[in-house]
Structures are given as C-alpha cells and as structure tokens.
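Quick notes on the structure that follows.
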Amino acid sequence: MIDLKAYLARQAERCDAALERWVPLETTPPHTIHKAMRYSLFAGGKRVRPVLCMAAFEAVGSAREGIADAACTLEMIHTYSLIHDDLPALDNDDLRRGRPTNHKVFGEAMAILAGDSLLTLAFEVLGRLPYGGPLVAELARASGTVGGMIGGQVHDIEGERQTPTAELLDQIHRAKTGALLRCSLRMGALYAEATPEQLAALTAYGEHVGLAFQIVDDILDIEASPEELGKTPGKDEAQAKITFPAVYGLARSRQMAEAERLAAHAALAGFDAKAEPLRALADFIVQRKG
C-alpha cells in the first residue's frame with residue numbers, strides 16, 4: 001500500500017525544484033513580472049498534473065533523466081490558465097489557492113503578462129530538454145483551441161445562461177479540464193518511450209481521471225468551504241455555469257465520479273506495481289475534499 005501523502009509531497013518537491021531551476025528569481029529584471037509569476041506559481045497548489053506526468057513515466061519505466069523538468073511545464077500552463085481565468089473579463093474571482101488572485105495584487109495588466117510569460121516559458125523549457133521535442137506538440141494541442149483547454153474555456157463562456165445539456169457539458173469539460181489532465185499522462189508516457197499499448201492505456205486512464213476531476217470540482221463548488229476549496233465557492237451557480245450537478249444533480253454526479261474512478265483503475269490492468277501511484281491518485285482525485 002502506497003503512502004500517497006508522502007508520495008505527493010515528494011513529487012511536489014521535485015516539481016518545485018524544477019520550477020526553481022527554470023523560473024527567473026524576483027531579483028531578475030524586470031522584477032515585477034517575475035514576482036507576479038512566482039506569486040501564483042508558488043502559492044501552494046497540489047501539483048496534480050506534474051505528479052500524474054511523473055507517475056505515468058514511472059509506470060512505464062525508463063532510465064531517462066529530466067522528467068521533473070518536463071512535468072513542471074504542466075504546472076506553468078495550469079497556473080497561467082488560473083491567472084487568466086480569475087480576471088474580471090472571465091470568472092472575476094478574488095481568491096485562488098487561499099490567497100488574493102494575481103490581478104488583485106499586481107493589477108490586470110501585469111496578471112495578463114504573468115500568464116503569458118508562464119505559457120511562453122513552458123515551451124522554452126520543453127525545447128531545451130534533450131527528449132522534450134515530442135512533448136511540444138502534445139502540450140500545445142492540449143492547451144489550444146481544438147479540443148484543448150482554450151477551446152473548452154470558450155465553450156464555457158458561451159454556455160453561460162444557456163440551458164444545461166449533457167452534450168454541452170461534455171463539450172466544455174473534456175476540453176477545459178480533461179485535455180490537460182490527459183496530456184499529463186501522455187507526456188509522461190511519451191517521455192518514457194511507452195509502447196503504443198501503454199500509451200493507449202495511459203491515455204484512457206487520463207480520460208477517466210480528467211472527467212472524474214471535473215465532476216468532483218463541480219460538486220465541491222457547491223459543498224466545500226472557502227478554506228477547503230482555496231477559492232470562492234458557489235461561483236458556478238452564481239454565473240449560471242453548465243456543471244455536472246446542474247445537468248445530473250448531486251447524487252448522480254457522485255455516482256458518475258465513482259464510475260470514472262473504477263474505469264481509471266481498469267485502464268491500468270496491464271501495468272504492474274509501478275502503476276500503484278496512479279491507482280492511488282485516481283482514488284485521491286475522487287475522494288478529495290478540496
């Protein structure tokens with residue numbers, strides 16, 4: 001039985017060490033932009049995406065070095081998306097990861113530039129890694145407009161105050177949240193030179209985990225406290241967002257999250273004990289409280 005808490009802490013430390021290697025210090029000119037980047041990047045996130053990437057790499061097994069550097073680019077992209085998501089033009093939130101949002105501290109212009117800078121830096125890092133080349137297109141696609149994170153955000157914005165439907169919900173969340181989570185698994189597998197069968201299995205795992213993650217996020221927006229959530233709860237309902245509880249109700253949403261957890265486990269049937277962290281992570285994603 002894996003000690004998931006210790007595993008998460010250890011992998012988060014590896015991710016943070018990689019981020020420290022790549023992100024300019026606050027003392028590097030221009031100071032304000034680097035301070036803004038680091039403010040959000042080191043605000044205490046769980047590093048779920050980099051951890052999934054490193055866990056997929058371990059499940060395949062490889063002697064290649066540099067996986068933590070590759071994985072940390074996922075946190076750069078994720079944090080950039082959060083900074084921009086919180087802006088007044090989008091979700092207009094004042095709280096993220098338990099502290100004031102980036103634009104509340106540094107102003108809207110600097111927050112936009114901080115997000116832009118993290119996005120740009122992610123691809124610089126991959127471009128500099130000896131085995132990072134194949135991951136560039138993978139990360140760009142997952143972050144982009146066709147089936148990627150930005151496309152999902154567009155559907156989310158345009159879906160506000162529309163009648164919630166299962167089709168629109170699926171369209172939003174498979175792209176907005178699911179794409180980057182699925183990409184995390186694929187990047188780890190590709191970096192480890194996975195076989196086609198291993199890549200397909202880890203991609204399927206990523207699909208199920210990504211959907212479970214969003215379902216639970218939607219539930220927590222209703223049930224969790226600001227302290228548990230690290231951001232303002234109730235925003236989805238206030239903005240008439242299309243969410244799983246809005247379409248299916250809370251009870252059915254919980255059942256769906258559990259079904260995705262079990263499907264994620266099933267996707268890993270061909271892997272040995274090296275995939276145990278991934279199995280534990282699927283449980284954690286569904287059972288978390290914040």
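Dipole magnitude for the stretch 7-107: about 160 debye, using +1 per Lys or Arg Cβ and -1 per Asp or Glu Cβ, origin at the Cα centre. The aspartates and glutamates whose alpha-carbon is closer than 17 Å to the alpha-carbon of Lys35, local same-chain residues fewer than 8 away aside, are Asp16, Glu20, Glu26, Glu75, Glu108, Asp116. Pairs of C-alpha atoms in the chain farther apart than 30 Å represent 26 percent of all such pairs. Annotation for the stretch 160-212: GluC sites (Glu not before Pro) lying in DSSP loop with at most 16 further Cβ atoms inside 10 Å of their Cβ are Glu160, Glu193. For a straight C-alpha distance cut-off of 26 angstrom, the lysines reachable from Lys241 (same-chain residues fewer than eight places away being disregarded) are Lys46, Lys104, Lys176, Lys231, Lys289.
For the stretch 237-287, just say rounded, prolate or oblate: build the C-alpha gyration tensor, square-root its eigenvalues into a ≥ b ≥ c, call rounded for a/c under 1.5, and beyond that prolate if a/b exceeds b/c, oblate if not. Intermediate values should be presented prior to the final figure.
Numbers: a/c = 3.70, a/b = 2.74, b/c = 1.35.
Cα axes put the stretch 237-287 in the prolate bin.
The stretch 64-110 and the stretch 153-215 have Cα centres lying 19 Å from one another. For the chain, the residue among Leu168, Ser253, Ala36 whose Cα projects farthest onto the positive side of the dipole built from Cβ charges is Ala36.
Which peptide among 146-152, 27-33 comes first, and what is the full order, when sorted by highest mean count of other Cβ atoms within 10 Å? List each step's numbers first, then the result.
Details: 146-152: 17.9, 27-33: 11.6.
My ranking of the peptides, most packed first, is 146-152, 27-33.
Taking H placed 1.01 Å from N in the peptide plane, check which residues at least 5 places from Lys241 or on another chain put their amide H under 5 Å from its amide H. For Lys241, no residues qualify. Taking a ≥ b ≥ c as the square roots of the eigenvalues of the Cα gyration tensor, the stretch 169-209 is classed as prolate, since a/c reaches at least 1.5 and a/b is larger than b/c. With θ taken as phi - 60° and the Karplus curve 6.51 cos²θ - 1.76 cosθ + 1.60 applied, the whole-hertz 3J(HN,Hα) list for the stretch 174-189 is 5, 9, 5, 10, x, 4, 6, 5, 4, 4, 4, 5, 5, 5, x, 5 Hz, x standing for glycine and proline.
Per residue, how many Å² of accessible area does the chain show with a 1.4 Å probe? Don't skip to the answer; put the middle values down first.
Working: 12560 Å² over 290 residues.
On a per-residue basis, the chain sits at 43 Å².
Would you please state which residues of the stretch 103-146 a label at Ala89 would reach in this model, taking the label point 7 Å out along Cα→Cβ and a backbone N cut-off of under 15 Å? Output list for this probe position: 103, 107-117.
Computed from backbone phi, the HN-Hα couplings of the stretch 92-99 come to 6, 10, 9, 9, 8, 6, x, 9 Hz, rounded to whole numbers (Karplus: 6.51 cos²θ - 1.76 cosθ + 1.60, θ = phi - 60°; Gly and Pro given as x).
Ligands, DNA and RNA left out, the 1.4 Å accessible surface of the chain is 55% carbon and sulfur atoms.
Okay, helix-only estimate at 222 nm for the chain: each DSSP H run of n ≥ 4 adds -39500 (n - 2.57), divide by all residues, round to 500 deg cm²/dmol; what do you get?
Numbers: 16 runs with 206 residues, N = 290.
One gets -22500 deg cm²/dmol as the mean residue ellipticity at 222 nm.
Computed 3J(HN,Hα) for the stretch 152-167, one whole-Hz value per residue from the Karplus formula 6.51 cos²θ - 1.76 cosθ + 1.60 where θ = phi - 60°, is x, 5, 4, 4, 5, 5, 6, x, 4, 6, 7, 5, x, 10, 4, 5, glycine and proline marked x.
Order Lys46, Lys5, Lys289 by their accessible area, 1.4 angstrom probe, all chains in place, largest first.
Numbers: Lys46 105, Lys5 170, Lys289 145 Å².
The ranking, largest first, comes out as Lys5, Lys289, Lys46.
May I ask you to list the GluC sites (Glu not before Pro) in the stretch 1-48 that are in a DSSP loop and have at most 14 other Cβ atoms within 10 Å of their Cβ? Provide the component values of the computation, followed by the final result.
Numbers: sites: Glu13, Glu20, Glu26; in loops: Glu26.
The qualifying sites are Glu26.
The values are calculated or read from the model by the stated rules, or taken from the named source; none is laboratory data. As the structure is a prediction and not an experimental result, all values here were calculated from the model. Methodologically, a virtual Cβ is constructed for each residue, glycine included, from the backbone with ideal geometry; neighbour enumeration extends over all protein chains shown. Just so you know, the surface numbers come from the protein's heavy atoms only, side chains and all, with ligands and any DNA or RNA stripped out. Shrake-Rupley method; radii C 1.70, N 1.55, O 1.52, S 1.80 Å.
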